[in-house]
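To start, the structure under review is shown below, and the notes come after it.
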Amino acid sequence: MIIRPMTKEDYDEVYAMWQTTSKRALSNADSREQIERYLDRNACMSQVAVADGKIVGTVLAGHDGRRGFIHHMAVMPQYRRKGIGHSLANTAIEKIKAEGIDKTHIFCYQNNETGQNFWKDFGFKKRDDVFVYSFDNR
Ligand SMILES: CC(C)(COP(=O)(O)OP(=O)(O)OC[C@H]1O[C@@H](n2cnc3c(N)ncnc32)[C@H](O)[C@@H]1OP(=O)(O)O)[C@@H](O)C(=O)NCCC(=O)NCCS
């Protein structure tokens, strides 16, 4: 298994993987155009895990100049519980840290127990003092 930066050429394979791992979290922000823009804005920060000749894990990593954000942390079901998730998250945090950003946020659905356990185990602190509010700009 290797971890390497995600490229624009990975989009089709990654998007197909997300249909299995992350369907609920997908939105128009995951179109090819938006993901290409994200990769340009956060060069070499997002990662894929490759095993047996295919992409089996992803993490999108970026920052807005003040805080880091991780999205679409995912590993294909048959490759889970082997440390691939931790390796991807570690690499993402290293990339964010290297940009001079000292805090990283993630979003996790309240009923995603696996995701919550994963981030807690990794060392993320669950915030009880913050709600996420969203505004539709369309
Ligand atoms: C969350 C997710 C990315 C974790 O990926 P993963 O590759 O299984 O992660 P890891 O293997 O690094 O760690 C998962 C667990 O396996 C354990 N583990 C790690 N290496 C192991 C090994 N060699 N043998 C057995 N267990 C191991 C870890 O301790 C961890 O245990 P815990 O869940 O009790 O804390 C994966 O479950 C997933 O894709 N879920 C669906 C998408 C999702 O919900 N993403 C999070 C959005 S917020």
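Read-outs: derived from the displayed coordinates by stated rules, not from any lab. This is a predicted model, so every value here is computed, not measured. Quick reminder, even Gly has a Cβ in these numbers, built from the backbone with ideal geometry, and neighbours come from all protein chains shown.
Per-residue extension of 0.36 nm, minus the Cα-Cα distance of residue 50 and residue 80, leaves a gain of 9.5 nm for this segment. Using the Cβ-Cβ distance between residue 102 and residue 64 with R0 set to 22 Å, the FRET efficiency from 1/(1 + (r/R0)^6) comes to roughly 0.95. What would the Debye formula give as log10 I(q)/I(0) at q = 0.12, 0.19 Å⁻¹ for the alpha-carbon point model of region 1-136, no solvent? Per q value, in the given order, log10 I(q)/I(0) is -0.45, -1.23.
Please give me the summed charge of the neighbours of residue 104: other residues whose Cβ is under 13 Å from its Cβ, Lys and Arg +1, Asp and Glu -1.
Working: positive: 66, 67, 95, 97, 103, 125, 127; negative: 64, 94, 99, 102.
Here the charged neighbours net out to +3.
Peptide packing for 6-15, 122-131, 26-35 was compared via the average number of neighbouring C-beta atoms within 10 Å per residue; ordered from the highest value, the list is 6-15, 26-35, 122-131.
Spacing of the modelled spin labels on residue 135 and residue 109, each 7 Å from Cα toward Cβ, amounts to 2.7 nm.
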